[in-house]
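Before I ask anything, let me first share the structure, which is written out below as structure tokens.
The values are calculated or read from the model by the stated rules, or taken from the named source; none is laboratory data. Note that the coordinates shown come from a computational prediction; the quantities given were computed from them, not determined experimentally. Please note: Cβ atoms are built from the backbone with ideal geometry, for glycine as well, and neighbour counts cover all protein chains shown.
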Amino acid sequence: MNGTIFDIQRFSLHDGAGIRTTVFFKGCPLRCRWCHNPESQSFAPERMIYFDKCVSCGKCREICANAFDAACAACGKCVKVCAGAARRIAGRTAAVDEIIETVVRDKAFYETSGGGLTLSGGEPLAQPEFCLALLKAAKEANIHTAIETCGFAKPEIIEAVLPFTDLFLFDIKGIDGETHIRNTGVSNDLILANAKRLMDSKANVLFRMPYIPNYNDHEIGAVRAFTEGFPLEVMPYHAIASGKYKALQRPFATAAVTPPSQEEIQRLAEEFGMIYSPSGI
Amino acid sequence: MNIQELEPFACGYAAAESHDLEYKIACGFRSFAEHIPLTIDPSAWFVGPVGSMDRLAFRYERASGIRADENRYRAEREAHPELRAALDRLMDRFFALETPRIISKIRSPEQETMERCKAAWAAGGGHSNPDYELLLRVGTNGVRERIELFSRIHTDRQTFYDSLLLCVEALETIADRYKALALAMLKTAEGEDKAILGRLASALDNVPRHQPRDFFEACEMFWLIFTFADIDSPGLFDYALGRYYEISDEADRYACLSKLWELFHQTRTWNLCIGGSDEFGNDRSCALSYDVLKIAREKKYNTPNITMRVHPNTPDALWQAAVETLATGIGMPAIYNDECVCPALEALGIPPSDSHLYCMNGCNQIDIFGKSHMGLEDGEISVAKALEFALFNGVCQYSGERLGLETGDPTGFDTFEKLYDAFLRQVDYLLDYVTETSNKAQALFAAYAPNPWKSIMIQGCIEKGLDYKNRGPIYGHGQILTEGLPDAVDSLYALKTLVYDTGKVTIGDFIAALNRDFEGDEALLAEIKAVEKYGNDCDGPDRLNAAVTDHIYRYAQTKETFRGGRFGVGCSTFERAANYGRHLGALPNGKKKFAPLLADSIGPTPGNDKTGPTAALNSVLKANQYLATSGNVLQLKFSKSQFATPAGMNAYLTLAKTYFRLGGQTLQINVVSKEELLDAKRHPERHENLIVRVGGFSEYFNRLEPDLQDNIIARTEVELS
């Protein structure tokens, strides 16, 4: 069983409890305007060019007419010749066995720290069979599992992964439908219904709200009310992703947004009873 | 000023002209104790002749024996015209006797070349951990009884025992002189000074002849012993002094510790060790262990070098205190795993009761507290140089001379096994050289630099009737360090992959590329870059590293030391790795000619560890840590932001605990932000207090060479997602 991922990050400390390995799935049904992993959106591999590293050696142009164009097939040949190591391909096909082989290597660290495997993305549930196969393999290896999800998936997919998922890190980006479509490109009907379903199922859920000034900050009360009785973590906006947008040659819609101060978030977290860990999204 | 006050050691030594060397040295110590000018600074609380010996023109040094400092001698001649004739007479005698001069005459030309080309060096000295625990417990009265008892057994060693008795007498003499001085000063002293002088006089009425009655007395006796001849490593500090700490008033004992810490800071005090278990797994930590960490956090000094020993029963609170101390950024404590170190020592024949008394002598080298002379400066080999020898038929690419073995034309190595075999033969050749040379040096030190004072302080000497340098200590194992092992492994693995596994390059073409320093070889460099590197949990390079490590450690252990033990190996590169690289040609891992080596002790090379700390730890753990009887240092560097929260601290605590549970030996953790380091390089004046951990010790960042500063900046900094 294969899927498309763009990274495996070991010693991950902020995607669930303890020391974890996070597998980043490529492809997402949402297009959040503040997305901090823009390379995770497309389901296909993509070329990234870090222009500040480019030494203008011209080798990429020699071998490819589309070295700087959007018509790139992401074959990766230009990466090998690049003298400045300014290029990379985000996204590759990976097998469940291969990923699990890497994941189990840190099992001792998970055991000592209460950590495990986190599937993130992109949207893990957008590659449902692959996601389920990874979860099952991890549970067979007796490893704690978490999914970071936007919740945009068919209910039967949620039902299928439920028995193999120890923790859902569930994003709620807003309650108002119109605003949600404007901010993410999709309606939140399915997302909220899935959230309710998980809340009713007694699953272990940590809700998370990205807090983006001028985009969804006014919905904080509504999100808190919706997730009543469950922990809610606030993830304040940051602009660290701007370099990735440049590398993908795409505009960063929220580039002009000023990140909220730690004090402001701390105050909101207290006011609304939210979790806040100052590491950002 | 008379000549005895000016140069008391030399006068005592010269007066005993016709006696044995050790007896003359002991007479020097006694004369030193009788005549050296003493002062008391009541605000320092504790007294000892700190650095007095070092300031003499004619002196005894721990590392090099008898020394005649010519600059000092000339300065004294200028300053004391009336003593010129006397000084000249001493110079005439001492110049010829100087230990380093005698030893340098016996050095071979080969030794000079091997050192100049940074292939290997060897010596025979080192630090030690004096057994003040026993001396405090029985007092000089008890020690004198021991000496007299054994002198009746070894009747042929009377001069040796007489020398020791002279040293005991010297210590008592200096204590008595301090007491008399304190009493004299007491007459005119006022306020707090008066109180301290009174306490001091009262303490010196009891110590060093008898066991201290509280922590103040214990500190005074400790400091007196510690500063008498030279400053060295305090070793198992909480084990030795914890009992006095327990029985003393809480506020007063902490004040004493604080004063002692100031004294440590003013002197170059080496390694202080806390924690650990006894041979039954019982935790040894006590109130003093916690307060050592507390005072280290408060004072933030770079000395002494603090080591904490851990084991499965180390209390969580002590772990927590250690992590909080690390979070201040002082780079201490270094953490050592009893469950790894003790079995390694036991494999050398040290029984569990003694293996559990290990501590550090100096930086990272493992020593048995008060019972060993296990070297430290025994020797070092460049594993990267061994590879260079294998690739150039024994010819050093720095000097162009043939320094290694002739293992054959490398283009004839048609399999990786042949290349690997040539490499191991070169490694063995360097180990043979370094162990033989060290043994010669050890023998020379035994013959020309006996140390009767240390023979009192290290167990075994009194019992055997043999000097500290001459097989007296119970344990006399040696320690060899490796340099550039990770660079050599990455180089070997690049050759294996590109030449022998995939056939992308021939060995001849690869060597040609090394010869032209990769000029115009961008394609080859890109291929090298793409090869898996040690430190990323990739079995290929990691297992190769394990195999090379295993070979070196086991081969060295077959070699016996002059001191009556075997040579152990460790890897702690300190700041030296960069310099080793400057004496090497281009390496198959892509290192340019004369560029610094990347290796950072046993860790992955900086910039090549891309998979995070768990992967790096897994890589390191594939090599057998249980063979390392010297320090096998792994450094991790984390940014301050990661340590900032309790959850962050907890993650690092877990990381360390897991590493040790899996059999890791040593962790050194730096907590500092990259921005802070970069800024410190640009504006050193703004970062006077910035301390980083460099190999074996913590050092002020501003005092490091620019190369090393860059290396530290580049070194494993794990960034957040």
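Which of (1) aromatic (Phe, Trp, Tyr); (2) modelled with pLDDT of 95 or more; (3) surrounded by 24 or more Cβ atoms within 10 Å (Cβ to Cβ) does B:TRP223 not meet, given it meets every other one?
(3)
So, of the residues in the stretch B:8-62 that are outside any helix (DSSP H, G or I) and aromatic (Phe, Trp, Tyr), which turns out to be farthest from B:ALA446 (Cα to Cα)?
B:TRP45
Can you name every residue in the stretch A:30-60 that is in a loop (DSSP other than H, G, I, E, B), out of contact with any strand residue (DSSP E or B) (no Cβ under 9 Å at 6 or more places or on another chain) and within 14 Å of chain B (Cβ to nearest Cβ)?
A:VAL55, A:CYS57, A:GLY58
Specify the residue that is farthest from B:ASN515 (Cα to Cα); the eligible residues are those in the stretch B:592-615 that are within 14 Å of chain A (Cβ to nearest Cβ) and out of contact with any Phe, Trp or Tyr (no Cβ under 9 Å at 6 or more places or on another chain).
Residue satisfying both the conditions and the ranking: B:LYS610.
Restricting attention to the stretch B:394-431, which residues are polar (S, T, N, Q) and surrounded by fewer than 18 Cβ atoms within 10 Å (Cβ to Cβ)?
B:SER399, B:THR411, B:THR415 - these are the residues of the stretch B:394-431 that are polar (S, T, N, Q) and surrounded by fewer than 18 Cβ atoms within 10 Å (Cβ to Cβ).
Given the structure, is A:PHE164 in contact with a strand residue (DSSP E or B) (Cβ under 8 Å, 6 or more places away or on another chain), of a type in the set (Phe, Trp, Tyr) and within 19 Å of A:GLU233 (Cα to Cα)?
The answer is no for A:PHE164.
I need a count of the residues in the stretch A:61-93 that are in contact with a Cys (Cβ under 7 Å, 6 or more places away or on another chain), assigned to a loop (DSSP other than H, G, I, E, B) and within 14 Å of chain B (Cβ to nearest Cβ).
4
If a residue must be at pLDDT 95 or above, more than 14 Å from chain B (Cβ to nearest Cβ) and either more than 28 Å from A:PRO260 (Cα to Cα) or under 11 Å from the mean Cα position of the chain (by Cα) (or both), how many such residues does the stretch A:1-29 contain?
8
Next question, about the same structure. I'd like to know if the stretch B:371-384 contains one or more residues that are part of a helix (DSSP H, G or I), in contact (Cβ under 8 Å) with a residue 40 or more places away in the chain, hydrophobic (A, V, I, L, M, F, W, C) and crowded, with 24+ Cβ neighbours inside 10 Å.
Within the stretch B:371-384 (the criterion being part of a helix (DSSP H, G or I), in contact (Cβ under 8 Å) with a residue 40 or more places away in the chain, hydrophobic (A, V, I, L, M, F, W, C) and crowded, with 24+ Cβ neighbours inside 10 Å), the answer is yes, since at least one residue qualifies.
Hey, another quick one. Is it the case, given these coordinates, that B:ALA651 is at pLDDT 80 or above, surrounded by 20 or more Cβ atoms within 10 Å (Cβ to Cβ) and either assigned by TED's automatic domain parsing to the domain that holds B:MET308 or part of a loop (DSSP other than H, G, I, E, B) (or both)?
yes
Could you say whether any residue in the stretch A:252-268 is crowded, with 18+ Cβ neighbours inside 10 Å, within 14 Å of chain B (Cβ to nearest Cβ), in contact (Cβ under 8 Å) with a residue 40 or more places away in the chain and in contact with a strand residue (DSSP E or B) (Cβ under 9 Å, 6 or more places away or on another chain)?
no
Checking A:GLU101 against (1) touching a residue at least 12 places away in the same chain (Cβ under 8 Å); (2) under 26 Å from A:PRO45 (Cβ atoms); (3) within 11 Å of chain B (Cβ to nearest Cβ), which test does it fail?
(1)
Across the stretch A:115-129, what is the number of residues that are more than 12 Å from the chain's Cα centre (by Cα) and closer than 15 Å to A:ASP7 by Cβ?
Qualifying residue count, the stretch A:115-129: 2.
Among (1) touching a Phe, Trp or Tyr at 6+ places or on another chain (Cβ under 8 Å); (2) not in a strand (DSSP E or B), which single condition is B:ILE480 missing?
(2)
Also, I was wondering about something else. Contact list please: Cβ distance under 6 Å, first residue in the stretch B:253-278 and assigned by TED's automatic domain parsing to the domain that holds B:GLY331, second residue assigned to a strand (DSSP E or B) and of a type in the set (Gly, Ala, Ser), pairs at least six apart or on different chains.
B:CYS273/B:GLY235
Could you run through the stretch B:206-220 and say how many residues are touching a residue at least 40 places away in the same chain (Cβ under 8 Å) and not in a loop (DSSP other than H, G, I, E, B)?
Residues meeting the conditions: 5.
Can you spot a residue in the stretch B:619-627 that is touching a Pro at 6+ places or on another chain (Cβ under 9 Å) and over 15 Å from A:PHE109 (Cα atoms)?
yes
Here's a follow-up. Scan the stretch B:435-446 for residues that are under 25 Å from B:LEU166 (Cβ atoms) and in contact with a helix residue (DSSP H, G or I) (Cβ under 8 Å, 6 or more places away or on another chain) and report the count.
Residues in the stretch B:435-446 being under 25 Å from B:LEU166 (Cβ atoms) and in contact with a helix residue (DSSP H, G or I) (Cβ under 8 Å, 6 or more places away or on another chain): 2 in total.
Looking at A:ASN204, is it away from chain B (no Cβ under 14 Å), touching a residue at least 24 places away in the same chain (Cβ under 8 Å) and surrounded by fewer than 19 Cβ atoms within 10 Å (Cβ to Cβ)?
The answer is yes for A:ASN204.
Would a scan of the stretch B:555-563 turn up a residue that is touching a residue at least 24 places away in the same chain (Cβ under 8 Å), touching a Pro at 6+ places or on another chain (Cβ under 7 Å) and of a type in the set (Ser, Thr, Tyr)?
No, that holds for no residue.
Is it the case that some residue within the stretch B:400-421 is on the phi > 0 side of the Ramachandran plot, touching a Phe, Trp or Tyr at 6+ places or on another chain (Cβ under 9 Å) and not in a helix (DSSP H, G or I)?
no
Does B:LYS454 fit the bill of being among the charged types (D, E, K, R), within 20 Å of the chain's Cα centre (by Cα), outside the structural domain of B:ARG543 (by TED's automatic domain parsing) and in a helix (DSSP H, G or I)?
Yes.
From the residues in the stretch B:494-541 that are closer than 20 Å to A:CYS82 by Cα, within 38 Å of the chain's Cα centre (by Cα) and free of Cβ contacts under 8 Å to residues at least 60 places away in the same chain, which one is surrounded by the most Cβ atoms within 10 Å (Cβ to Cβ)?
B:VAL531
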